[in-house]
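Engineer: Pasting a structure below so you can have a look.
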């Protein structure tokens, strides 16, 4: 179970403790409370090298709260203002982080939305955790090993960096975890909750094919919503389209 400090964070009518992961690292989060009373809450996780303050994450949280559903966006450990080392970041650890977030949200009806690598986290967690009642994948990563080799295969783990960002060193922990997982398609067939995939047609980081491959493996009905002209982060006008689709789907 997650451990909590005695400090309490108040925001309107919802009260949450500080949220810690199993390593005792504080996870930074922001809660957007809907004006009307509801037990529905969207948890939003980011992608590799990202954090809870990425524009698409903030926009989605605001849009959902405006439509009457609480939203909590958080940074995985080692990212943003969350505690921990970036070199420890990997999907397996982020699954545990997400579990600690869910521990703190007992009593809420949870939907999880994950962007990019956060999408892979969502599939793996939802397949094995009945607390997640709905799932949204935003440009969700499916083939983890292929992604790691495509994006970082020319770098030496524990020496190189991700996308020339000196603040994001490439670790062997990350690369080994991506290879061990390989793909989340087996777990996609185990997801038994409503599932929305949103993907930009022009995504050159996680190709649209990742989401299309989910459709062939999923056992439950899954909706794929494609946004023409959208890139990996749903920049420009695609932000509003993505947010609108997600909010409408959650209220359907």
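Only the coordinates and a few stated rules stand behind these numbers; no lab work does. From a predicted model like this one, the values you see are computed outputs, not experimental measurements. Quick reminder, even Gly has a Cβ in these numbers, built from the backbone with ideal geometry, and neighbours come from all protein chains shown.
Engineer: Treat the count of other C-beta atoms within 10 Å as a stand-in for reagent exposure and order 22, 115 from fewest to most. Let's see the in-between values first.
Structural biologist: Details: 22 14, 115 30.
Fewest-to-most ranking of 22, 115: 22, 115.
Engineer: What is the ratio of the Cα radius of gyration of region 141-252 to 2.2 N^0.38 Å, with N the residue count, to two decimals?
Structural biologist: 1.21
Engineer: May I ask for the Rg/Rh ratio of the chain, computed from Cα atoms with Rh as the Kirkwood radius, given to two decimals? Walk me through the intermediate numbers first.
Structural biologist: Details: Rg = 17.0 Å, Rh = 18.0 Å.
A ratio of 0.94.
Engineer: In what sequence do 150, 134 fall when counting other Cβ within 10 Å, fewest first? Could the numbers behind the result be given before it?
Structural biologist: Details: 150 13, 134 18.
With the fewest neighbours first, 150, 134 line up as 150, 134.
Engineer: Something else now. Would you order 249, 163, 195 from fewest to most other beta-carbon atoms within 10 Å of each residue's own beta-carbon?
Structural biologist: Going from sparsest to densest Cβ surroundings: 163, 249, 195.
Engineer: Determine the gain in length on full extension of the stretch residue 216-residue 85; use 0.36 nm per residue of separation and subtract their C-alpha separation, reporting nm with one decimal. Intermediate values should be presented prior to the final figure.
Structural biologist: Working: separation 131, 0.36 × 131 = 47.16 nm, distance 3.65 nm.
My answer for the length gained is 43.5 nm.
Engineer: Convex hull over the alpha-carbon atoms of region 41-83: what's its volume per residue in Å³?
Structural biologist: 56
Engineer: Run the numbers for residue 22 and residue 193: contour at 0.36 nm per residue of separation, minus the present Cα-Cα distance, in nm.
Structural biologist: Full-extension gain reported as 58.9 nm.
Engineer: Based only on Cα atoms, what Rg/Rh ratio does region 111-159 have, Rh being taken as Kirkwood's radius?
Structural biologist: Values: Rg = 13.2 Å, Rh = 11.8 Å.
My calculation of the ratio gives 1.12.
Engineer: Same structure, new question: Kindly state, as a whole number, the per residue volume in cubic angstrom of the convex hull around the alpha carbon atoms of region 1-142.
Structural biologist: Working: hull volume 13.9 nm³, N = 142.
Spread over its residues, the Cα hull of region 1-142 gives 98 Å³ apiece.
Engineer: In whole Å, how far is the Cα centre of region 222-252 from that of region 156-194?
Structural biologist: Spelled out, the Cα-based centre of one part sits 24 Å from the other.
Engineer: Could you state the per residue volume, in Å³, of the convex hull enclosing the Cα atoms of region 22-97?
Structural biologist: 86
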